[in-house]
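Participant: Provided herewith is a single structure, encoded as structure tokens, for subsequent inquiry.
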Amino acid sequence: MASRPPFETHFSSILETPFRDQLQKGGVFQVVNHGIHKEVFEMMFCEDKKLFDRSFNEKVREKFSDLSKNCYRWGNPNATSPAQYSFSEAFHITLAEISSYSNDGNNFRTTIAMYVQEIARVAQMICEILGNQVNVNSKYFENIYALQNSFLRLNKYHPCVFGSQMFGLVPHTDTSFITILSQDQIGGLELKKNGQWIGVKPYSEALTVNIGDMFQALSNGVYQSVRHRVIPPANVERFSIAFFVCPYHETEIEFSFREYKEQSERDVKETGDKVGLSRFLI
């Protein structure tokens, strides 16, 4: 059997085909040949599941909440209507926080650190290659592992028991440069294209990458931040791990990342929803 091409060569050649036009319009693609071993994903999902299996009281008290005020989330506490409520749990772990975690006799911190090291390597190549296509200065993506505002979000989606109107994750765009998603085989991720919601079929070991608001602004609209949502599974739990590549707070595009992030947080508190990049294009 012929060996697969290295990730960088494979991905660069893809961008020389009509796929590049589809990416610019659709804002999402899937990546294989990324070099992350299957065992790394298996270990990460094992820790993911063990984390969510803890009791609710344990998840919200000192061990996790001291590290970040927004570390653990159940649903959307700022929702003002059922349409804004997400039927899911999530842990947010910034890169700066990883060293603060204790292994507690297991492999949680070690596995998180290993996964982030691997996914940051892939993110570095993706951002640089995409940036080169639109003449973006590579300084924005220097040493992604050191971008302390980048973070992991571990997700658990519960089987929906309140009817089809409940989302696993409400429709939104991501604030990040890019988001790299690893998901199980359950499915449920959908993106909006030409006014229709399209399901993203999960493939074993493939990474799903979507353009975020920061990259849309950075590329002057050449790449589009994709609006997406998650439909909760019918009878089983669904797990996913998202890595959000975010710049330093003082990084300036037409506005600083800090300004964008703080405005987004105000919008969510006031309206229950994130207005997103359109707020800064008005």
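The values are calculated or read from the model by the stated rules, or taken from the named source; none is laboratory data. All of these numbers come straight from a predicted model, not from anything done at the bench. Cβ coordinates were reconstructed from backbone atoms using ideal geometry, including for glycine residues, and neighbour counts include every protein chain displayed.
Participant: Could you check, for region 116-129, whether at least one of its residues is under 18 Å from Ala217 (Cβ atoms) and touching a Gly at 6+ places or on another chain (Cβ under 9 Å)?
Facilitator: Within region 116-129, none of the residues are under 18 Å from Ala217 (Cβ atoms) and touching a Gly at 6+ places or on another chain (Cβ under 9 Å).
Participant: Another question, if that's okay. For Ile93, state whether it is crowded, with 19+ Cβ neighbours inside 10 Å and either modelled with pLDDT under 90 or not in a helix (DSSP H, G or I) (or both). Before the answer, list the steps.
Facilitator: Details: crowded, with 19+ Cβ neighbours inside 10 Å: yes; either modelled with pLDDT under 90 or not in a helix (DSSP H, G or I) (or both): yes.
The answer is yes for Ile93.
To keep it simple, each residue is scored yes or no on (1) more than 16 Å from the chain's Cα centre (by Cα); (2) modelled with pLDDT under 85.
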| site | (1), (2) |
| --- | --- |
| Lys50 | yes, no |
| Ser65 | yes, yes |
| Thr111 | yes, no |
| Val116 | no, no |
| Ala120 | no, no |
| Met125 | yes, no |
| Glu128 | yes, no |
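Participant: For residues that are of a type in the set (S, T, N, Q) and either in contact (Cβ under 8 Å) with a residue 60 or more places away in the chain or loosely packed, with under 15 Cβ neighbours inside 10 Å (or both), scanning just region 230-282, find the one that is nearest to Cys46 (Cα to Cα).
Facilitator: Checked region 230-282; the qualifying residue nearest to Cys46 (Cα to Cα) is Ser240.
Participant: Right, next: For the list (1) modelled with pLDDT of 85 or more; (2) under 17 Å from the mean Cα position of the chain (by Cα), I need the number of the one condition that Gly168 fails.
Facilitator: (1)
Participant: Turning to a different aspect of this structure: Can we say Ser176 is under 12 Å from the mean Cα position of the chain (by Cα), more than 20 Å from Glu142 (Cα to Cα) and modelled with pLDDT of 90 or more?
Facilitator: So Ser176 fails the test.
Participant: In addition: Spot the failing condition for Lys139; the list is (1) surrounded by 16 or more Cβ atoms within 10 Å (Cβ to Cβ); (2) without any contact (Cβ under 8 Å) to a residue 12 or more places away in the chain, and only one is missed.
Facilitator: (1)
Participant: OK, next. Look at Ile186 and say whether it is among the β-branched types (Val, Ile, Thr) and surrounded by 20 or more Cβ atoms within 10 Å (Cβ to Cβ).
Facilitator: No; evaluated as a whole, the condition is false for this residue.
Residue-by-condition table, conditions (1) within 19 Å of Arg258 (Cα to Cα); (2) of a type in the set (A, V, I, L, M, F, W, C):
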site	(1), (2)
Gln133	no, no
Leu147	yes, yes
Asp174	yes, no
Ile178	yes, yes
Asp184	no, no
Gly188	no, no
Lys192	no, no
Leu207	no, yes
